Amino acid sequence: MARALATTQTTLLPPGKISVELVVNGVETKFDVAPWTTLLDALRERLDLTGTKKGCDHGQCGACTVLVDGRRINSCLTLAVMKDGAKVTTIEGLATDGALHPMQQAFIDHDAFQCGYCTPGQICSAMGLIAEGKAKTPDEIREMMSGNICRCAAYPNIVAAIQQVMGAS
């Protein structure tokens, strides 16, 4: 005798959203995200801070570099929920009262960009590099900035811009 198979249909629902609180560029903000949302996507899509760029989306190019609690990170490799309560600084948060940050001005002074796509990540990474206080020579600057790729090859000008700000600090 054939037995009828009972079938049940289940619907898989994605996990609920998680509330995240950040201080972004000095402004307290709270939003809900899916648990798999990267900090990069939260900044760009939820907070409309599009200065931070999505390059390789694998942490290899540095275009997505931002400062979290003063340290440089690849925001494409970091889940937003992991940084709940953190202070995040993006390229948009560096200028003060309409005046460019000295690092932004140095990039202009030294023509340290061409297409400009990598520039926000380069500048945020340079800010982190200076805060770390480990790089003193051009070779050390190049080594410690090696996680930020510039396809236009403005590297000598980037190093000169960083040196200018380091000399002024």
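The values are calculated or read from the model by the stated rules, or taken from the named source; none is laboratory data. This is a predicted model, so every value here is computed, not measured. Cβ: placed from backbone, ideal geometry, glycine included. Neighbour counts: every protein chain shown.
General remarks:
- Of all residues in the stretch 27-59 being touching a residue at least 12 places away in the same chain (Cβ under 8 Å) and of a type in the set (D, E, K, R), the one that is surrounded by the fewest Cβ atoms within 10 Å (Cβ to Cβ): 32
- In the stretch 113-124, the residues that are farther than 13 Å from residue 89 by Cβ form Cβ pairs under 6 Å with partners that are small (Gly, Ala, Ser), at six or more places apart or across chains, as follows: 113/154; 114/154; 118/63.
- The residues listed here are 108, 149, 73; of these, the one that is buried (at least 20 other Cβ atoms within 10 Å of the Cβ) and of a type in the set (A, V, I, L, M) is 73.
- Within the stretch 98-111, not a single residue is in contact (Cβ under 8 Å) with a residue 12 or more places away in the chain, touching a Cys at 6+ places or on another chain (Cβ under 8 Å) and over 22 Å from residue 32 (Cβ atoms).
- Single match in 47, 13 (criterion: over 12 Å from the mean Cα position of the chain (by Cα) and at pLDDT below 95): 13
- Hey, residue 127 assigned to a helix (DSSP H, G or I), within 14 Å of the chain's Cα centre (by Cα) and more than 22 Å from residue 57 (Cβ to Cβ) or not: yes
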